[in-house]
Each structure stands twice: as C-alpha cells, then as structure tokens.
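What follows is a single structure, and I will ask about it in a moment.
The values are calculated or read from the model by the stated rules, or taken from the named source; none is laboratory data. These numbers were taken from a predicted model, which means no experiment stands behind them. Here the Cβ positions follow ideal geometry from the backbone for every residue, glycine too, while neighbour counts run over all protein chains shown. For the accessible areas, the whole protein counts, side chains as well, though only heavy atoms, and no ligand, DNA or RNA atoms are used. Shrake-Rupley method; radii C 1.70, N 1.55, O 1.52, S 1.80 Å.
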Amino acid sequence: MLQTLSFSWSGLWRELSLFARLVKIEHSVFALPFAYIGLFMAAGGWPGWGLFLVLTVAMVAVRSFAMAVNRLVDERIDAQNPRTQDRPLVTGRMSRPKAWGMTLAAAVVFVLACAGLNTTCLYLSVPALAWSGLYSYSKRLTWLSHFWLGSVLGLAPLGGWLAHSPVLSIPAVLFFLGVTFWVAGFDILYACQDVDFDRTMGLHSIPARFGIGHALSLSTFSHVNASLFFLLAGWTGGLGWIYALVWLAVSIVLLWEHTLVQTDDLGYVNLAFFTLNGIIAVVLCAGVLADIFGPL
C-alpha cells in the first residue's frame, strides 16, 4: 500500500511538472509584479499576508489556465512549427485529457481564490477566465491579437487593485493601459520569428500582415505608449521621485530593447522578449514599493 501511495504521489508530481513546463510557469514574472503594484498602491502599504498570498494564487492560476488553453487550442499548429515542436502536448509527454483536467483545475482554483478576495473579484472571475481563454483564438481572427494578449496581462494591476479596494481607480486603469501596450510591443517582436510560418498557416499577426520593418516600428510605438502610461499611472497614484527614477531606467531599457532587434537580425529576440521584459516588470514593481515604503 505504501508503494502504491508513493507511486501515486510521484506520478502526480511528474504531471504537475509537465504542466508547469506546458504553461511556462516562469513567465508568471510578467504579470505577478503588476498585480502586486495594484495591490500595494490600493493598500497604500503592506496589504497583509492573507490578501498577498490569495492574490498570488489567483494570478498564477489564471495565467496557467490561459496558457494551457492556448497550448491545447494550438496543438496542431505547434506540431508544424519547428520552434514549438518540443512542447509536452506535441511530443505526447502530456495527454490532452490530463492537460484539460489540470486546466479546469486551474480555473476552479482561480474562482475560489477570487471568492477569497471579495465579492467583486468573484463576480469578475468568470469574465476574466473567458477573456483570457478566448485570446487563444485571436490569431485566427485579427492582427490585433498582440493587443488582446496585452489586455489579458493588463488585468493584473486591475485585479491587484480590486483585490484590496473593489472600485476602479485612474492609476489602476493607466497601469492596465501601460501593460497592454508593453506586452503588445514585445509580443510583436516575438512574432517576427514566425512571420513566414504565420503567413503559410493563414494566422494573423502584425509582422505577417505588414512585414517585419513596419512591425518593429509598431512595436516601438507601443512601447512609447507603455512608457507614457506608466509615467501617468505613477503621477496620478501619488508616487514620487524614486518611482520617477525607476520609470526612467525602465524607459531606457525599453529603448535599448529596440536596438537589439533589427529587420535583418532577429538573433536577440528571446533576450528582448523574456530577459529584458522580465527585468522591467520586477524593477517597476520594486520602484513602486520603494516609493510607497520610502528609501531604506
């Protein structure tokens, strides 16, 4: 009996590890810092361990749900793209029934976590799941899919704010807009890798629709907007000189990001996509916290 129990736990851990790889759990670094920004700004300080932990669970759950749906919907496409052929669903290391089961479990965890926050978050949990799940179909419909993805991650600061104060505020909306343009900008860069594949498959993206040159310009335009919205969000939220300095540093990094990716050289796309933008999210959050709590 002990051997059976041990094997069951081992199998569960294996499936959870595969699911974490499927949804790229490490990419939670893009959304979590902005959820914390909304939470700490709404609280004006430390919100308490309860809210902090429940919000963290909610954010990881909804992001895992959205990414898993994307992988399930795109399995056939991923199998034909050399860049994505090693994903667990494509290789068969994870079955579709198990992936769907864990996806539904993530949705349930998200709804329960929202219920643990407040009634407003509970009421909005299902629409949030629907919006994040429907993104997976957007590349079949419109080249504006990058901004749809951006709006999904843009829910993070709104959710963080509503978790503490269930009333929308101008700073939270401005951070939503900032994140929307920020994510759209780097997702356009990332999509440049698949321009030929997307055209062959009839998928919509800005690089496939307008070409890489125009896509890079639109990505830069998006990040200029993101920088301005982040500045306005801090100003309307009453943040001071610490956040202003961090915002300036983040804006410089965004500018540098666009010097790394050129029309004829996409070799640094992954650096621009993951490393730099992960740093941007964490540093911007650190700037907000430093301004709220004051210099040490």
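Once ligands and nucleic acids are excluded and a 1.4 Å probe is used, how much of Leu141 is accessible, expressed in Å² to the nearest 10?
My reading of the accessible area for Leu141 is about 120 Å².
A follow-up question, please. From the protein chains alone at 1.4 Å, what is the descending order of accessible area for Val108, Val246, Val179, largest first?
Largest to smallest exposure gives the sequence Val108, Val246, Val179.
Per residue, what accessible area does the chain have, given a 1.4 Å probe and all protein chains present, in Å²?
47
Work out Dmax and Rg for the chain from the C-alpha atoms and quote the Rg first, both in angstrom.
In order Rg, Dmax, the Cα atoms of the chain give 19.6, 63 Å.
On to the next question. Using only the Cα atoms of the range 49-184, construct the convex hull and provide its projected area averaged over every direction, in square nanometres to one decimal.
Directional mean of the projected Cα hull area for the range 49-184 stands at 8.8 nm².
Another question, then. Hey, got the dipole for the chain? About the Cα centre, +1 on K and R Cβ, -1 on D and E Cβ, debye to the nearest 20?
700
Can you give the accessible area of Thr200, probe radius 1.4 Å, in Å² rounded to 10?
For Thr200, the solvent-accessible surface is approximately 110 Å².
Taking just the alpha-carbon atoms of the range 147-194, what radius of gyration and Dmax come out, in angstrom?
12.3, 41
Next question. If you count only protein heavy atoms and use a 1.4 Å probe, how large is the accessible surface of Lys98, to the nearest 10 Å²?
100
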